[in-house]
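Below is one structure, written out as structure tokens, with a few remarks after it.
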Amino acid sequence: MNVRAFVGESTVTPDALTLALAPALTPAGIDDSPSFFHGFASEPQTLARGLVVLADITATRYFQYTPESQRDPVLTAQGDRLRAECFSACNGVYARLDIVQSALDGGEIGFGTTNVDISAATRRALVNVARAELLHIDVGHAGLAVSTPQTSIIERPVEMPSRWVRALGNVAELHRGMTPAFSLDARQAQEFIASLPSATSTARSGWLAVSRGGVRLLPREAAQSVHIAGLHRLSALKRLLPHARGATFFGDARTGAAAVAVDLPGARVTLGLTDEAWRGHSGEGSLLEGLADASSIDDVELISAILAFEPVIDVDALIIESGVAEHRVRSALAVLAASGRVGWDVSDRTYFHRELPDDTERVTRDNPRLVSARRLVDENAVRRDGEHWAVYSHGGEYRVHLDPPRCTCAWYLRHGVGRGPCKHLIAARIVDGGEQA
């Protein structure tokens, strides 16, 4: 089920913010009228502007700038925090707003995953929320599921773009490989955000590094620097300028992807960028190595049954509770990530659980290289050749080395492993895993 319908509209008044939800997947099953939080906002303007940042990003195509119609962020309630996630219209920018319990007062956060309604009208109202006004938060719109002759209920269909599911999986793996490069204090973070170009400006790319004078954009890599392809893709952070308490930049030289996490009062906004402004997260293929484990599909049902919308997934506890070996647990998490059902928090360096409508064929459909690799294995086209592997495909022989990963095919020569392994590497891993089992 990829289409959900809102039973009401999000509304913002001078003293109340009501966020309408679509039907949610919860620990108790599907809830047609979910309720995730009722109470007051300790930091009303921070919360409001964080939501506007997500609305701005999902409505923007940063590569060859074009405004787009908004989509509705994925919202996950995890008991101690709310996480709202989305992608830009070009799919090259990932955005997540984490709102912790300290930013919410007078109520408990529930559990579940759904979409939250941020219409154009709601966005305009959120922009005008004042810093110190008393703001009541209702995340759920409980009670509007009943229709009467006196009540006008507006149902707006919500379709989860299939590429969002693929992209959520790739973000998890891309961010899992990142390490922190440098951090900024409140003053430095605000100065950096103030210097960002607008979303419509010409793309500026380079290596960000911190110095005594602040953050500099360098033409080449330096110690503790992060490559940013298209500085304008961070422009939405400008709305958070007065609230920024610090920022941390993350990078991975192997993939070229980058992320920045901006600390706010009671919240945090994380933006993830692909290694090129024109490239979307849905095409990265970063999960393919984990999916090559033949046992991973079989372990998914067991591992997913143990998860319970944890904000922090304890892998060691999963190993003990499931009785499954560590490498198999991690491969199962890779499959769950490919289905959008677990994410990775680059700041906390841990998996977290979200639940999306299950599609057992999605992993295969969304990863054609994996399908091609399994076909090569079924055709006995892979054999060990000393310390290497020989893979026969399309009338040619390709030499594969697993550690470090290398292949003589055109894909590897063009991309390396920055966009995931080629089908020959995956096929060799599948056979190698079978021999070691």
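Using only helices, what value at 222 nm comes out for the chain when you add -39,500 (n - 2.57) per DSSP H run of length 4 or more and divide by the total residues, to the nearest 500 deg cm²/dmol?
After summing the helix terms and dividing by residue count, I get -8000 deg cm²/dmol.
Please report, to two decimal places, log10 I(q)/I(0) for region 175-268 at q = 0.11, 0.12, 0.13 Å⁻¹ as given by the Debye formula with identical point scatterers on the Cα atoms and no solvent.
Evaluating at q = 0.11, 0.12, 0.13 Å⁻¹ gives log10 I(q)/I(0) of -0.28, -0.34, -0.40.
By how many degrees, between 0 and 90 and to the nearest 10, does the Cα long axis of helix 162-176 differ from the longest principal axis of the chain?
The answer is roughly 70 degrees.
Over the Cα atoms of region 97-144, how large are the radius of gyration and the largest Cα-Cα distance (Dmax), in Å?
Calculated on Cα positions, Rg and Dmax stand at 12.4, 30 Å.
Evaluated at 20 °C with a viscosity of 1.002 mPa s, what Stokes-Einstein diffusion coefficient in µm²/s does region 13-94 have when Rh comes from the Kirkwood expression over alpha-carbon pairs?
Calculated translational D: 148 µm²/s.
Suppose a student asked you for the relative contact order of the chain, using Cα pairs under 8 Å spaced at least 6 residues apart; what percent would you report?
Relative contact order comes out at 16 percent.
5 Å is the cut-off here: which amide hydrogens, built 1.01 Å from N in the peptide plane, fall below it relative to VAL215, excluding neighbours closer than 5 in sequence?
So VAL215 has HN proximity to no qualifying residue.
Quick one: pull the percent of accessible area on the chain belonging to carbon and sulfur, 1.4 Å probe, ligands and nucleic acids left out.
Percent of accessible area from carbon and sulfur atoms in the chain: 50.
Mind checking the per residue accessible area of the chain for me, 1.4 Å probe, whole number of Å²?
Per residue, the chain has an accessible area of 42 Å².
Taking 10 °C and 1.306 mPa s as the conditions, I'd like the Stokes-Einstein D for region 68-128 in µm²/s, using the Kirkwood hydrodynamic radius from alpha carbon pairs.
Answer, rounded: 123 µm²/s.
Just report the Cα centroid separation between region 32-85 and region 398-419, whole Å.
39 Å
Can you give the FRET efficiency for ILE320 and ALA390, using 1/(1 + (r/R0)^6), R0 = 45 Å, r = Cβ-Cβ distance, to the nearest 0.05?
The value I calculate is 0.65.
Give me the one-decimal Kirkwood hydrodynamic radius in Å for region 297-410, with the sum taken over alpha-carbon pairs.
Kirkwood hydrodynamic radius for region 297-410: 16.4 Å.
Could you give the angle, 0 to 90 degrees to the nearest 10, between helix 326-338's Cα long axis and the longest principal axis of the Cα atoms of the chain?
60 degrees
Mind jotting down the three principal axis lengths of region 1-141 based on Cα atoms? Whole angstrom, largest first.
45, 39, 24 Å, listed from the longest principal axis down.
How much length would be gained if the chain were fully extended between ARG414 and LEU241, taking 0.36 nm per residue of separation minus their Cα-Cα distance, in nm to one decimal?
58.3 nm
Skipping prolines and chain starts, which residues have an amide H placed within reach, meaning under 5 Å, of the one on ARG81, given they are 5 or more residues away or on another chain?
Hits under the 5 Å cutoff: none.
For region 98-136, list residues with backbone N below 18 Å from a point placed 7 Å from the Cα of PHE40 toward its Cβ?
100-109, 129-136
Please report, in cubic angstrom per residue, the volume enclosed by the convex hull of the alpha-carbon atoms of the chain.
Dividing the Cα hull volume of the chain by its residues yields 150 Å³.
Could you check the spin-label model distance between LEU134 and ARG383? Points 7 Å from the Cα along Cα→Cβ, value in nm.
Placing both labels 7 Å beyond Cα along the Cβ direction yields 8.0 nm.
Under the rule of at least 5 residues apart or a separate chain, name every residue whose amide H is placed under 5 Å from the amide H of SER10.
Result for SER10 returns ALA20, SER119.
What Kirkwood hydrodynamic radius do you get for region 371-417 when you take the inverse of the mean 1/r over all pairs of distinct Cα atoms, in Å?
11.1 Å is the Kirkwood radius here.
The values are calculated or read from the model by the stated rules, or taken from the named source; none is laboratory data. Quantities reported herein were computed from a predicted structural model and do not represent experimental measurements. Note that each Cβ is placed from the backbone with ideal geometry, even for glycine, and that neighbours are counted across all protein chains shown. Calculation scope for accessible area: heavy atoms of the full protein, side chains included, ligands and nucleic acids excluded. Shrake-Rupley method; radii C 1.70, N 1.55, O 1.52, S 1.80 Å.
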